[in-house]
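Asks: Here it is, the structure, as structure tokens.
The values are calculated or read from the model by the stated rules, or taken from the named source; none is laboratory data. Just so we're clear, the structure is a prediction, and the values are computed from it rather than from any experiment. Every residue, glycine among them, receives a Cβ derived from its backbone with ideal geometry; neighbour counts consider all protein chains shown.
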Amino acid sequence: MPSLKPIDFADIFGTTVDLLPEACTKLIAENNWRYRVLEGADRDGVVLDLLSRIENRRLTFVENEDKSRWEKGWGENLEAFKASGGQLDALLPKYMRPGLPVRLYGEFVQPEDPNFESNWYTVYRTWFVGRYLAGFPHIFEFGSGSGFNVAYLAQQFPEARIVGLDWAMPSVEIVEALRTVHGLNTVGRQFDFFHPDASLDIPEGSAIFTVGALEQTGTQWGAFLDFILSKKPKCCFHIEPIHEWYDPQNSLVDYTAWKAHEVRNFWRGFPPRIIELEKAGRARILKTKRINFGSLVIEGYSQLIWQPL
Ligand SMILES: C[S@@+](CC[C@H](N)C(=O)[O-])C[C@H]1O[C@@H](n2cnc3c(N)ncnc32)[C@H](O)[C@@H]1O
């Protein structure tokens with residue numbers, strides 16, 4: 001049975017094995033990365049099921065301006081966090097579903113370990129945060145959700161101020177509680193991508209970070225992009241699904257994700273706009289990397305790193 005090795009992690013992340021920190025190699029060694037590539041009828045079954053969900057619109061989709069789903073979901077995390085006396089485990093988001101097939105190198109694969117995707121994300125975040133976010137005095141995570149990335153950043157970089165922003169109030173409360181309960185250097189603040197708050201201070205030298213958050217803006221990301229361009233943070237780091245980087249003409253597996261993006265009204269058009277801005281001398285792209293790993297429905301972890309000029 002194939003299994004992910006350190007070299008596969010490095011290749012998927014866009015680095016080399018010798019640059020994987022020890023924390024990553026340890027996590028890789030501790031977990032089960034075996035998987036079976038789905039073929040024949042198994043693969044057809046997954047593709048047909050996804051196509052039927054796409055046709056019948058049986059996928060959660062973004063309804064602009066409706067935050068009720070998030071208020072409810074993060075409200076549950078907030079309650080569990082309070083009930084547990086502030087356990088950080090209570091912040092694990094529920095959207096990664098254990099046991100399902102995942103996308104890997106353009107195929108659907110069935111992992112042996114039901115927690116393969118969340119374990120993979122733990123390795124990825126460890127690498128990404130250490131590689132890119134060290135040394136910034138202020139890190140703003142927009143769309144911070146359950147706050148589990150904010151908590152991790154604050155633990156890794158105690159000298160940095162970590163601001164967690166979301167339009168859902170329970171998210172803001174969680175980030176505030178990370179400071180009041182755990183003494184972490186965090187600040188929670190309400191923020192709406194569709195109506196950015198111009199009064200938000202982004203000090204010089206700040207980093208902007210998003211993980212699966214801008215995906216929720218469909219094609220309505222213009223106001224937030226204008227906000228970034230006016231605030232001029234030092235660098236923007238996005239871990240997001242990127243519609244433009246699939247290959248729907250040549251790959252059926254990609255076609256299902258590409259189509260799902262449209263039906264779900266997920267992020268589209270942003271990377272081409274950043275390329276236009278670069279040509280106009282208003283942005284510098286530092287890294288674009290399609291991440292050939294994802295959940296059953298989409299590849300959610302691609303990297304876009306850029307600077308407004
Ligand atoms: C898939 S969750 C990701 C949360 C978190 N970044 C993570 O990695 O778990 C998407 C997040 O974006 C937030 N969001 C969606 N639309 C938003 C908007 N218009 N303004 C601000 N946040 C928004 C949601 O409330 C939710 O927390």
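Asks: Filtering the range 180-228 down to residues that are among the polar types (S, T, N, Q) and over 17 Å from D66 (Cβ atoms), which residue is farthest from the ligand (Cβ to nearest atom)? Steps first, please.
Replies: Quick first cut of the range 180-228, residues among the polar types (S, T, N, Q) only: 180, 185-186, 190, 199, 206, 210, 216-217, 219-220.
Remaining after also requiring over 17 Å from D66 (Cβ atoms): 180, 185-186, 199, 206, 210.
Working: T180: 20, N185: 19, T186: 14, S199: 16, S206: 17, T210: 7 Å.
Residue satisfying both the conditions and the ranking: T180.
Asks: Please name all residue pairs, on different chains or six or more residues apart, with Cβ atoms under 7 Å, provided the first residue is in the range 166-179 and is outside any helix (DSSP H, G or I) and at pLDDT 95 or above and the second residue is buried (at least 20 other Cβ atoms within 10 Å of the Cβ) and among the hydroxyl-bearing types (S, T, Y).
Replies: What qualifies is D166/S144.
Listed here are the residues, each with its yes/no results for (1) assigned to a helix (DSSP H, G or I); (2) buried (at least 18 other Cβ atoms within 10 Å of the Cβ); (3) charged (D, E, K, R).
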site	(1), (2), (3)
P196	no, yes, no
D201	no, no, yes
G205	no, no, no
E262	yes, no, yes
I275	yes, no, no
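Asks: Counting only residues that are of a type in the set (A, V, I, L, M) and within 18 Å of Y124 (Cβ to Cβ), which one in the range 135-164 is nearest to the chain's Cα centre (by Cα)?
Replies: First, pick out the residues of the range 135-164 that are of a type in the set (A, V, I, L, M): 139, 150-151, 153-154, 160, 162-163.
The next check asks that each one be within 18 Å of Y124 (Cβ to Cβ); those that pass are 139, 150-151, 153.
Values: I139: 15, V150: 13, A151: 15, L153: 14 Å.
Here the residue is V150.
Asks: Moving to a separate point now. Looking at this structure, is E215 farther than 24 Å from R43 by Cα, acidic (D, E), in contact (Cβ under 8 Å) with a residue 24 or more places away in the chain and in contact with a strand residue (DSSP E or B) (Cβ under 8 Å, 6 or more places away or on another chain)?
Replies: Values: farther than 24 Å from R43 by Cα: yes; acidic (D, E): yes; in contact (Cβ under 8 Å) with a residue 24 or more places away in the chain: yes; in contact with a strand residue (DSSP E or B) (Cβ under 8 Å, 6 or more places away or on another chain): yes.
Judged against the criteria, E215 is a match.
Asks: For the range 239-260, which positions are of a type in the set (D, E, K, R) and part of a helix (DSSP H, G or I)?
Replies: Pass one, the range 239-260, residues of a type in the set (D, E, K, R): 240, 244, 247, 254, 259.
Within the range 239-260, E244, D254, K259 meet the criteria.
Asks: If we keep just the residues of the range 130-157 that are assigned to a helix (DSSP H, G or I) and away from the ligand (no atom under 12 Å from the Cβ), which is surrounded by the most Cβ atoms within 10 Å (Cβ to Cβ)? Full working, then the answer.
Replies: Pass one, the range 130-157, residues assigned to a helix (DSSP H, G or I): 130-133, 148-156.
Right, trim to away from the ligand (no atom under 12 Å from the Cβ) and you get 130-133, 154-156.
Numbers: G130: 16, R131: 16, Y132: 17, L133: 19, A154: 23, Q155: 14, Q156: 17.
Looking at residues that are assigned to a helix (DSSP H, G or I) and away from the ligand (no atom under 12 Å from the Cβ), I get A154.
Asks: For T25, state whether it is touching a Phe, Trp or Tyr at 6+ places or on another chain (Cβ under 8 Å) and among the hydroxyl-bearing types (S, T, Y). Show your work before the answer.
Replies: On the way: touching a Phe, Trp or Tyr at 6+ places or on another chain (Cβ under 8 Å): no; among the hydroxyl-bearing types (S, T, Y): yes.
Judged against the criteria, T25 is not a match.
Asks: Further question on the same structure: Just need a number here: residues in the range 62-85 that are assigned to a helix (DSSP H, G or I), exposed (fewer than 12 other Cβ atoms within 10 Å of the Cβ) and within 12 Å of the ligand (Cβ to nearest atom). Walk me through how you get there before you give the answer.
Replies: Of the residues in the range 62-85, the ones assigned to a helix (DSSP H, G or I) are 68-83.
Filter once more, keeping what is exposed (fewer than 12 other Cβ atoms within 10 Å of the Cβ): 68, 72, 83.
Applying the additional criterion that residues be within 12 Å of the ligand (Cβ to nearest atom) yields 68, 72.
Count: 2.
Asks: Sticking with this structure for a sec: Output the number of the condition that F227 fails; it satisfies all remaining conditions of (1) among the aromatic types (F, W, Y); (2) assigned to a helix (DSSP H, G or I); (3) closer than 25 Å to Y105 by Cα.
Replies: (3)
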